[in-house]
Amino acid sequence: MSKTLTNNAPPEVGATLQRLRLARGLTLEDLSRIAGVSKSMLSQIEREKANPTIAITWRLANALGVEIGELLSSEVRAVDLIRVVDPHETPTLPGAHAGYSLRILGPMDLAGKYEWYELTLAPGGEMASQAHDPGTKEHLTVITGTIELEVGTEKKKIKHGGTARYPADYDHVIRNAGKTEAKALLVVVQR
């Protein structure tokens with residue numbers, strides 16, 4: 001026996017999106033930057049003038065730290081004391097052309113203040129960064145392998161278990177000069 005749908009309208013995501021955004025103290029501009037969705041598109045979604053694609057819904061859910069189902073539901077859920085983020089929900093920035101991948105471990109609502117990542121470097125891989133905003137600092141802890149760090153004109157090797165703390169308002173390069181994969185935790189603190 002088939003079940004008849006009484007409501008064929010798509011879910012109204014706008015009110016839920018706005019509620020979740022405001023609960024995190026984010027402006028439209030903040031969410032736009034974090035999710036990679038234009039501010040005008042976010043405004044249209046919140047005003048129910050547009051429905052997001054699956055890809056945009058996924059980006060917004062990740063940026064807000066919720067599951068897609070919560071974003072598509074008008075039901076207000078109680079906040080869990082413990083939120084577990086499954087591996088498939090952790091965004092990864094592939095730098096395959098440069099031999100690295102960067103998993104974003106920190107919540108998106110802290111982006112631009114405190115950020116932490118898992119950096120994986122293939123042998124010979126490197127992640128080169130231009131100088132960040134003045135006062136930005138980075139903390140790099142090597143989990144496996146040996147990593148060479150270049151900040152400005154200075155170079156240092158960091159071995160397994162070691163941590164380098166350095167100003168990130170200089171051009172800097174993190175590279176794996178070894179023959180095996182290297183992993184590190186990278187924490188960025190911006191002023």
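Here the extension length gained between A122 and K179 equals 19.7 nm, from 0.36 nm per residue of separation less the Cα-Cα distance. Backbone amide hydrogens, once placed in the peptide plane, bring L105 within less than 5 Å of W116, Y117, E118, excluding anything fewer than 5 places away on its chain. By the scheme Lys and Arg +1, Asp and Glu -1, what is the net charge of all other residues having a beta-carbon under 14 Å from that of G36? After counting each charged neighbour, the total is +1. Segment T146..Y114, full-extension length gain: 9.0 nm, with 0.36 nm per residue of separation and the alpha-carbon distance subtracted.
The Cβ shell under 13 Å around D133 holds other residues with a net charge of 0, Lys and Arg each +1, Asp and Glu each -1. Tally Lys and Arg at +1 and Asp and Glu at -1 over the other residues with C-beta under 15 Å from the C-beta of A50: what net charge comes out? Within the 15 Å Cβ shell, the charges total +1. Lys-Lys pairs in the chain that are eight or more residues apart or on separate chains and whose Cα atoms lie under 28 Å of each other come to 21. The charge dipole of the chain, taken about its Cα centre with unit charges on the Cβ atoms of Lys, Arg (+1), Asp and Glu (-1) only, comes to about 180 debye.
Can you give the FRET efficiency for A50 and T136, using 1/(1 + (r/R0)^6), R0 = 30 Å, r = Cβ-Cβ distance, to the nearest 0.05? Working from the Cβ atoms, E equals 0.25. Only one item in (i) 22, 21, 16; (ii) 39, 18, 14; (iii) 30, 19, 13 matches semi-axes √(5λ) of the Cα gyration tensor in Å derived from the coordinates shown, and that item is (ii).
Computed from backbone phi with θ = phi - 60° and the Karplus coefficients 6.51, -1.76 and 1.60, the 3J(HN,Hα) list for region 180-188 is 10, 4, 10, 10, 8, 9, 10, 10, 10 Hz; x is used for glycine and proline. Legend: residues T90, T141, T53, T153, sorted from most to least accessible area (1.4 Å probe; ligands, DNA and RNA excluded), read T153, T53, T141, T90. If the segment from S43 to V85 were pulled out straight at 0.36 nm per residue, it would be longer than the present Cα-Cα gap by 12.4 nm. Normalised per residue, the accessible area of region 12-110 is 59 Å², obtained with a 1.4 Å probe and no contribution from ligands, DNA or RNA. For the chain, with all protein chains in place and a probe radius of 1.4 Å, 55% of the accessible heavy-atom surface sits on carbon or sulfur.
The values are calculated or read from the model by the stated rules, or taken from the named source; none is laboratory data. Remember, it's a predicted structure, so these values are computed and weren't measured experimentally. Ideal geometry is used to build each Cβ from the backbone, glycine not excepted, and the neighbour counts take in all protein chains shown. Side chains are part of the model used for accessible areas, which takes the heavy atoms of the whole protein and leaves out ligands, DNA and RNA. Shrake-Rupley method; radii C 1.70, N 1.55, O 1.52, S 1.80 Å.
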